[in-house]
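Reviewing the structure listed below.
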Amino acid sequence: MLAMAAFSVLVTGLVLLAIISLTGREQQRLDNFGTATARALAELAVEPLMRQDRMHLGVIGNRLAELPEITGVASYSTDNQLLTTTGDLHGPQYTQPVTIDDSIVGYVRLALEPEAFAAAERIRTGAILIALLLLPLLISAAWHAIELLRARAPPSWWRPAPEPAVAASPTPEPTLPAEDIRHYLLAVNLYNQLTLPRHEREFELSLCLEFAEAVAGIYHGQVVALPGVGALVDFDHGDDEDRPFQVLCAAFVLARLLHDEAPLGTYRLGLNLTECPADETLPLDHEAIADAALLSALGKDTALALSATFAEAVGHVERIDIRALDNPLLDELTTSAPACRLAVGLQPPFAGLVQKQAARLKAQRDAVSSPSTF
(Lines give C-alpha, C1' and ligand atoms only; values in the text may rest on other atoms or scores of the structure.)
Protein backbone atom coordinates (compact mmCIF):
# COMPACT_ATOMS: atom_id res chain seq x y z
CA MET A 1 0.00 0.00 0.00
CA LEU A 2 2.81 2.39 0.85
CA ALA A 3 4.52 1.64 -2.45
CA MET A 4 1.30 2.20 -4.41
CA ALA A 5 0.72 5.53 -2.62
CA ALA A 6 4.24 6.67 -3.44
CA PHE A 7 3.76 5.64 -7.06
CA SER A 8 0.47 7.60 -7.27
CA VAL A 9 2.21 10.71 -5.94
CA LEU A 10 4.95 10.27 -8.56
CA VAL A 11 2.44 9.92 -11.42
CA THR A 12 0.51 13.00 -10.23
CA GLY A 13 3.73 15.02 -10.18
CA LEU A 14 4.62 13.88 -13.70
CA VAL A 15 1.17 14.92 -14.96
CA LEU A 16 1.51 18.38 -13.43
CA LEU A 17 5.01 18.81 -14.85
CA ALA A 18 3.81 17.74 -18.31
CA ILE A 19 0.91 20.24 -18.24
CA ILE A 20 3.13 23.11 -17.07
CA SER A 21 5.84 22.30 -19.62
CA LEU A 22 3.46 22.04 -22.58
CA THR A 23 1.55 25.20 -21.65
CA GLY A 24 4.75 27.21 -21.39
CA ARG A 25 5.98 25.83 -24.73
CA GLU A 26 2.75 26.90 -26.44
CA GLN A 27 3.14 30.52 -25.28
CA GLN A 28 6.82 30.52 -26.21
CA ARG A 29 6.05 29.30 -29.75
CA LEU A 30 3.38 31.99 -30.15
CA ASP A 31 5.73 34.77 -28.95
CA ASN A 32 8.63 33.58 -31.12
CA PHE A 33 6.43 33.40 -34.21
CA GLY A 34 4.85 36.81 -33.55
CA THR A 35 8.16 38.57 -32.93
CA ALA A 36 9.95 37.05 -35.93
CA THR A 37 7.03 37.68 -38.31
CA ALA A 38 6.67 41.29 -37.15
CA ARG A 39 10.40 41.88 -37.81
CA ALA A 40 10.14 40.36 -41.29
CA LEU A 41 7.03 42.45 -42.03
CA ALA A 42 8.86 45.61 -40.91
CA GLU A 43 11.71 44.92 -43.36
CA LEU A 44 9.29 44.30 -46.22
CA ALA A 45 7.37 47.51 -45.46
CA VAL A 46 10.32 49.94 -45.51
CA GLU A 47 10.00 51.14 -49.10
CA PRO A 48 6.18 51.28 -49.34
CA LEU A 49 5.96 53.16 -46.02
CA MET A 50 8.51 55.72 -47.17
CA ARG A 51 6.41 56.31 -50.32
CA GLN A 52 3.09 56.03 -48.43
CA ASP A 53 2.18 53.34 -50.99
CA ARG A 54 -1.04 52.02 -49.47
CA MET A 55 -1.61 49.56 -52.35
CA HIS A 56 1.74 47.84 -51.84
CA LEU A 57 1.22 47.78 -48.07
CA GLY A 58 -2.21 46.25 -48.61
CA VAL A 59 -0.77 43.49 -50.82
CA ILE A 60 1.78 42.57 -48.15
CA GLY A 61 -0.94 42.56 -45.50
CA ASN A 62 -3.23 40.36 -47.59
CA ARG A 63 -0.43 37.82 -48.17
CA LEU A 64 0.32 37.55 -44.46
CA ALA A 65 -3.36 37.40 -43.47
CA GLU A 66 -3.73 34.24 -45.59
CA LEU A 67 -1.69 32.36 -42.98
CA PRO A 68 -3.96 30.55 -40.49
CA GLU A 69 -1.86 31.80 -37.55
CA ILE A 70 -2.45 35.49 -38.40
CA THR A 71 -5.84 37.20 -37.92
CA GLY A 72 -4.97 40.74 -38.96
CA VAL A 73 -2.22 43.06 -40.24
CA ALA A 74 -2.06 46.86 -40.07
CA SER A 75 0.42 49.62 -40.93
CA TYR A 76 0.69 53.10 -39.43
CA SER A 77 2.48 56.36 -40.19
CA THR A 78 4.99 57.93 -37.83
CA ASP A 79 2.21 59.94 -36.17
CA ASN A 80 0.29 56.69 -35.52
CA GLN A 81 -2.28 57.29 -38.27
CA LEU A 82 -3.74 54.08 -39.73
CA LEU A 83 -2.66 53.57 -43.36
CA THR A 84 -3.86 50.04 -44.18
CA THR A 85 -5.53 47.21 -42.33
CA THR A 86 -6.34 43.63 -43.29
CA GLY A 87 -8.39 41.19 -41.24
CA ASP A 88 -9.33 41.64 -37.60
CA LEU A 89 -6.76 42.78 -35.02
CA HIS A 90 -7.97 40.57 -32.18
CA GLY A 91 -5.91 38.27 -30.02
CA PRO A 92 -2.22 38.78 -29.09
CA GLN A 93 -0.69 41.67 -31.01
CA TYR A 94 2.93 42.36 -31.97
CA THR A 95 4.11 45.80 -33.06
CA GLN A 96 7.41 46.59 -34.77
CA PRO A 97 8.81 50.00 -35.80
CA VAL A 98 9.89 50.34 -39.42
CA THR A 99 13.29 52.05 -39.56
CA ILE A 100 15.81 53.16 -42.13
CA ASP A 101 19.20 54.54 -41.08
CA ASP A 102 18.01 54.55 -37.44
CA SER A 103 15.03 56.77 -38.34
CA ILE A 104 11.48 55.53 -37.78
CA VAL A 105 9.29 55.84 -40.90
CA GLY A 106 6.23 54.05 -39.52
CA TYR A 107 4.94 51.03 -37.65
CA VAL A 108 3.48 47.61 -38.49
CA ARG A 109 1.28 45.48 -36.30
CA LEU A 110 -0.07 41.96 -36.59
CA ALA A 111 -2.44 39.88 -34.47
CA LEU A 112 -2.21 36.11 -33.98
CA GLU A 113 -4.78 33.38 -33.47
CA PRO A 114 -3.79 31.51 -30.27
CA GLU A 115 -5.98 28.53 -31.22
CA ALA A 116 -3.71 27.81 -34.19
CA PHE A 117 -0.83 27.23 -31.73
CA ALA A 118 -2.92 25.57 -29.03
CA ALA A 119 -4.45 22.75 -31.10
CA ALA A 120 -1.25 20.73 -31.51
CA GLU A 121 -0.28 21.22 -27.87
CA ARG A 122 -3.73 20.08 -26.66
CA ILE A 123 -3.40 16.84 -28.65
CA ARG A 124 0.03 16.17 -27.18
CA THR A 125 -1.13 17.03 -23.67
CA GLY A 126 -4.11 14.66 -23.97
CA ALA A 127 -1.93 11.82 -25.23
CA ILE A 128 0.54 12.26 -22.37
CA LEU A 129 -2.23 12.44 -19.76
CA ILE A 130 -3.89 9.26 -21.07
CA ALA A 131 -0.57 7.41 -21.10
CA LEU A 132 0.29 8.52 -17.57
CA LEU A 133 -3.16 7.60 -16.23
CA LEU A 134 -3.09 4.14 -17.83
CA LEU A 135 0.44 3.39 -16.66
CA PRO A 136 -0.46 2.59 -13.00
CA LEU A 137 -3.32 0.34 -14.11
CA LEU A 138 -1.07 -1.61 -16.46
CA ILE A 139 1.66 -2.02 -13.82
CA SER A 140 -0.90 -3.11 -11.20
CA ALA A 141 -2.47 -5.66 -13.60
CA ALA A 142 0.95 -7.07 -14.52
CA TRP A 143 1.92 -7.35 -10.82
CA HIS A 144 -1.28 -9.22 -9.92
CA ALA A 145 -0.84 -11.59 -12.88
CA ILE A 146 2.71 -12.44 -11.79
CA GLU A 147 1.61 -13.05 -8.19
CA LEU A 148 -1.23 -15.30 -9.38
CA LEU A 149 1.11 -17.39 -11.54
CA ARG A 150 3.61 -17.73 -8.68
CA ALA A 151 0.86 -18.91 -6.30
CA ARG A 152 -0.35 -21.63 -8.70
CA ALA A 153 2.96 -22.82 -10.13
CA PRO A 154 5.51 -25.05 -8.31
CA PRO A 155 8.47 -23.25 -6.75
CA SER A 156 10.83 -24.56 -9.42
CA TRP A 157 8.86 -22.57 -12.01
CA TRP A 158 9.86 -19.19 -10.63
CA ARG A 159 13.07 -20.21 -8.85
CA PRO A 160 15.43 -21.29 -11.63
CA ALA A 161 17.71 -24.25 -10.98
CA PRO A 162 21.43 -23.58 -10.99
CA GLU A 163 22.89 -23.84 -14.44
CA PRO A 164 25.59 -26.44 -15.11
CA ALA A 165 29.10 -25.16 -15.42
CA VAL A 166 30.26 -24.61 -18.96
CA ALA A 167 33.59 -23.80 -20.43
CA ALA A 168 34.30 -20.09 -20.55
CA SER A 169 33.86 -18.66 -24.02
CA PRO A 170 36.23 -16.04 -25.34
CA THR A 171 35.15 -12.48 -24.58
CA PRO A 172 33.72 -10.90 -27.73
CA GLU A 173 35.44 -7.82 -29.04
CA PRO A 174 33.55 -4.63 -28.10
CA THR A 175 31.70 -2.93 -30.93
CA LEU A 176 33.19 0.48 -31.58
CA PRO A 177 30.72 3.36 -31.98
CA ALA A 178 30.36 4.90 -35.39
CA GLU A 179 32.73 7.81 -35.98
CA ASP A 180 31.18 11.26 -35.85
CA ILE A 181 31.31 13.27 -39.05
CA ARG A 182 30.61 16.91 -39.75
CA HIS A 183 27.59 18.23 -41.59
CA TYR A 184 28.05 21.66 -43.14
CA LEU A 185 24.49 22.99 -43.52
CA LEU A 186 23.67 25.83 -45.92
CA ALA A 187 20.07 27.10 -45.76
CA VAL A 188 18.88 29.18 -48.73
CA ASN A 189 15.93 31.39 -47.83
CA LEU A 190 13.59 32.86 -50.47
CA TYR A 191 13.08 35.86 -48.24
CA ASN A 192 10.32 37.64 -50.18
CA GLN A 193 8.19 34.57 -50.99
CA LEU A 194 5.21 35.93 -49.03
CA THR A 195 4.91 38.85 -51.45
CA LEU A 196 5.21 36.75 -54.62
CA PRO A 197 2.21 35.29 -56.47
CA ARG A 198 2.08 31.52 -56.45
CA HIS A 199 3.43 30.95 -59.96
CA GLU A 200 6.31 33.38 -59.41
CA ARG A 201 7.15 31.78 -56.05
CA GLU A 202 7.22 28.28 -57.61
CA PHE A 203 9.43 29.55 -60.44
CA GLU A 204 11.91 31.08 -58.00
CA LEU A 205 12.02 27.96 -55.81
CA SER A 206 12.75 25.73 -58.81
CA LEU A 207 15.49 28.15 -59.91
CA CYS A 208 16.94 28.12 -56.39
CA LEU A 209 17.10 24.30 -56.39
CA GLU A 210 18.71 24.29 -59.85
CA PHE A 211 21.54 26.63 -58.82
CA ALA A 212 22.00 24.81 -55.51
CA GLU A 213 22.38 21.48 -57.37
CA ALA A 214 24.98 23.03 -59.68
CA VAL A 215 27.08 24.31 -56.75
CA ALA A 216 26.65 21.08 -54.77
CA GLY A 217 27.91 19.08 -57.76
CA ILE A 218 31.22 20.96 -57.67
CA TYR A 219 31.69 21.23 -53.91
CA HIS A 220 30.27 17.76 -53.03
CA GLY A 221 26.94 18.18 -51.29
CA GLN A 222 23.33 17.02 -51.35
CA VAL A 223 20.35 19.31 -51.96
CA VAL A 224 16.82 18.99 -50.62
CA ALA A 225 13.87 21.36 -50.61
CA LEU A 226 13.34 23.01 -47.22
CA PRO A 227 9.58 23.60 -46.76
CA GLY A 228 8.65 27.17 -45.90
CA VAL A 229 12.24 28.38 -46.46
CA GLY A 230 13.70 27.37 -49.82
CA ALA A 231 16.53 24.85 -50.08
CA LEU A 232 19.12 23.09 -47.90
CA VAL A 233 22.58 21.99 -49.02
CA ASP A 234 24.32 19.41 -46.79
CA PHE A 235 27.99 19.51 -47.78
CA ASP A 236 29.96 16.29 -47.31
CA HIS A 237 32.49 15.76 -44.54
CA GLY A 238 36.10 15.98 -45.65
CA ASP A 239 39.51 15.29 -44.12
CA ASP A 240 40.94 18.53 -45.52
CA GLU A 241 41.40 20.93 -42.59
CA ASP A 242 40.36 23.79 -44.91
CA ARG A 243 37.02 22.13 -45.73
CA PRO A 244 34.98 24.77 -43.80
CA PHE A 245 36.53 27.55 -45.94
CA GLN A 246 35.74 25.57 -49.11
CA VAL A 247 32.09 25.37 -48.01
CA LEU A 248 32.10 29.12 -47.30
CA CYS A 249 33.36 29.77 -50.86
CA ALA A 250 30.62 27.50 -52.23
CA ALA A 251 28.02 29.51 -50.32
CA PHE A 252 29.37 32.77 -51.78
CA VAL A 253 29.21 31.26 -55.29
CA LEU A 254 25.55 30.32 -54.79
CA ALA A 255 24.75 33.73 -53.30
CA ARG A 256 26.32 35.43 -56.34
CA LEU A 257 24.37 33.24 -58.80
CA LEU A 258 21.04 33.91 -57.08
CA HIS A 259 21.74 37.65 -56.85
CA ASP A 260 22.64 37.94 -60.55
CA GLU A 261 20.33 35.37 -62.16
CA ALA A 262 17.14 35.15 -60.06
CA PRO A 263 14.88 37.90 -61.47
CA LEU A 264 12.15 37.99 -58.83
CA GLY A 265 13.55 36.57 -55.61
CA THR A 266 15.41 38.07 -52.68
CA TYR A 267 17.61 35.45 -51.04
CA ARG A 268 19.30 35.22 -47.65
CA LEU A 269 21.79 32.46 -46.76
CA GLY A 270 22.84 30.95 -43.42
CA LEU A 271 25.55 28.41 -42.52
CA ASN A 272 25.66 26.06 -39.55
CA LEU A 273 27.86 23.14 -38.50
CA THR A 274 26.93 20.02 -36.54
CA GLU A 275 28.27 16.51 -35.97
CA CYS A 276 26.52 13.14 -35.86
CA PRO A 277 27.53 9.46 -36.31
CA ALA A 278 28.47 8.46 -39.84
CA ASP A 279 25.69 5.85 -40.04
CA GLU A 280 22.93 8.37 -39.22
CA THR A 281 21.18 10.91 -41.43
CA LEU A 282 19.86 14.30 -40.40
CA PRO A 283 16.05 14.61 -40.56
CA LEU A 284 14.61 17.90 -41.79
CA ASP A 285 13.29 18.64 -38.30
CA HIS A 286 16.77 18.37 -36.74
CA GLU A 287 17.70 21.26 -34.44
CA ALA A 288 20.84 22.08 -36.46
CA ILE A 289 18.77 22.49 -39.66
CA ALA A 290 16.25 24.68 -37.82
CA ASP A 291 19.15 26.87 -36.63
CA ALA A 292 20.51 27.13 -40.19
CA ALA A 293 17.06 28.24 -41.38
CA LEU A 294 16.87 30.86 -38.62
CA LEU A 295 20.32 32.18 -39.54
CA SER A 296 19.28 32.41 -43.20
CA ALA A 297 16.54 34.86 -42.23
CA LEU A 298 19.19 37.10 -40.64
CA GLY A 299 21.55 37.29 -43.61
CA LYS A 300 21.93 40.46 -45.69
CA ASP A 301 21.67 40.22 -49.48
CA THR A 302 24.92 38.50 -50.59
CA ALA A 303 26.33 38.42 -47.03
CA LEU A 304 26.23 35.09 -45.18
CA ALA A 305 25.05 34.58 -41.60
CA LEU A 306 27.45 32.15 -39.87
CA SER A 307 26.75 30.28 -36.67
CA ALA A 308 29.37 30.61 -33.94
CA THR A 309 30.22 26.92 -34.46
CA PHE A 310 30.84 27.36 -38.18
CA ALA A 311 32.74 30.63 -37.78
CA GLU A 312 35.09 29.02 -35.26
CA ALA A 313 35.73 26.07 -37.60
CA VAL A 314 36.59 28.32 -40.58
CA GLY A 315 39.44 30.13 -38.84
CA HIS A 316 41.90 32.35 -40.76
CA VAL A 317 39.53 35.31 -40.62
CA GLU A 318 42.11 37.42 -42.46
CA ARG A 319 40.77 35.81 -45.66
CA ILE A 320 37.21 36.97 -44.92
CA ASP A 321 35.51 40.32 -44.51
CA ILE A 322 33.68 39.29 -41.36
CA ARG A 323 31.62 41.26 -38.84
CA ALA A 324 29.63 40.63 -35.69
CA LEU A 325 25.97 39.63 -36.15
CA ASP A 326 23.70 41.15 -33.49
CA ASN A 327 20.04 40.13 -33.32
CA PRO A 328 17.84 39.12 -30.36
CA LEU A 329 16.62 36.08 -32.33
CA LEU A 330 20.09 34.54 -32.01
CA ASP A 331 19.18 33.63 -28.43
CA GLU A 332 16.76 31.07 -29.94
CA LEU A 333 19.62 28.98 -31.41
CA THR A 334 19.97 25.54 -29.82
CA THR A 335 23.08 24.13 -31.56
CA SER A 336 25.24 27.27 -31.52
CA ALA A 337 26.17 30.07 -29.17
CA PRO A 338 24.58 33.48 -29.93
CA ALA A 339 27.99 35.00 -30.83
CA CYS A 340 27.40 34.56 -34.59
CA ARG A 341 29.11 36.35 -37.49
CA LEU A 342 28.18 37.99 -40.79
CA ALA A 343 30.55 37.16 -43.68
CA VAL A 344 30.26 40.15 -46.05
CA GLY A 345 32.81 38.98 -48.61
CA LEU A 346 36.20 37.39 -49.28
CA GLN A 347 39.58 39.06 -49.56
CA PRO A 348 41.63 38.86 -52.78
CA PRO A 349 42.40 36.55 -54.48
CA PHE A 350 39.51 34.42 -53.15
CA ALA A 351 36.86 36.97 -54.14
CA GLY A 352 38.03 36.80 -57.75
CA LEU A 353 37.97 32.99 -57.74
CA VAL A 354 34.36 33.03 -56.48
CA GLN A 355 33.33 35.43 -59.26
CA LYS A 356 35.02 33.25 -61.90
CA GLN A 357 33.30 30.11 -60.56
CA ALA A 358 29.89 31.82 -60.61
CA ALA A 359 30.49 33.10 -64.16
CA ARG A 360 31.52 29.60 -65.30
CA LEU A 361 28.34 28.04 -63.89
CA LYS A 362 26.21 30.76 -65.48
CA ALA A 363 27.87 30.14 -68.86
CA GLN A 364 27.27 26.37 -68.58
CA ARG A 365 23.60 26.97 -67.77
CA ASP A 366 23.17 29.39 -70.69
CA ALA A 367 24.76 26.84 -73.03
CA VAL A 368 22.38 23.99 -72.19
CA SER A 369 19.13 25.84 -71.43
CA SER A 370 16.53 27.05 -73.87
CA PRO A 371 15.12 30.60 -73.74
CA SER A 372 12.74 31.03 -70.78
CA THR A 373 9.03 31.36 -71.54
CA PHE A 374 8.28 32.72 -68.07
(message) Can you give the local net charge around G91? Use residues other than it whose beta-carbon is closer than 11 angstrom to its beta-carbon, Lys and Arg +1, Asp and Glu -1.
(response) -4
(request) For H316, tell me the accessible area in Å² from a 1.4 Å probe, rounded to the nearest 10. (result) 110
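Just add up the charged neighbours of Q246: K/R +1, D/E -1, any other residue whose Cβ is under 15 Å from the Cβ of Q246.
Around Q246, the charge tally is -3.
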(request) Considering only protein heavy atoms, with the full assembly of protein chains and a 1.4 angstrom probe, order E202, E241 by accessible area, largest first. (result) E241, E202
(request) Grab the Cα-Cα distance for Q93 and E43, subtract it from 0.36 nm times how many residues apart they are, and report the gain in nm with one decimal. (result) 16.2 nm
(message) Once you place label points 7 Å from the Cα toward the Cβ at E287 and I130, how far apart are they in nm?
(response) 2.9
(request) In whole angstrom, note down how far apart the Cα centers of region 42-79 and region 301-374 are. (result) 30
(request) Quick one: which residues, 5 or more positions from G221 or on another chain, have an amide H under 5 Å from its amide H? H modelled 1.01 Å from N in the peptide plane, none for Pro or chain starts. (result) D236
(request) Give the long-range amide H neighbours of G106: residues separated by 5 or more places, or on another chain, with amide H under 5 Å away, using H modelled in the peptide plane at 1.01 Å from N. (result) V98
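The values are calculated or read from the model by the stated rules, or taken from the named source; none is laboratory data. Note that the structure is predicted; figures quoted are calculated from it, not measured. All Cβ positions, glycine included, derive from the backbone under ideal geometry; neighbour counts span all protein chains shown. Areas reflect the complete protein model, heavy atoms only, side chains present, ligands, DNA and RNA absent. Shrake-Rupley method; radii C 1.70, N 1.55, O 1.52, S 1.80 Å.
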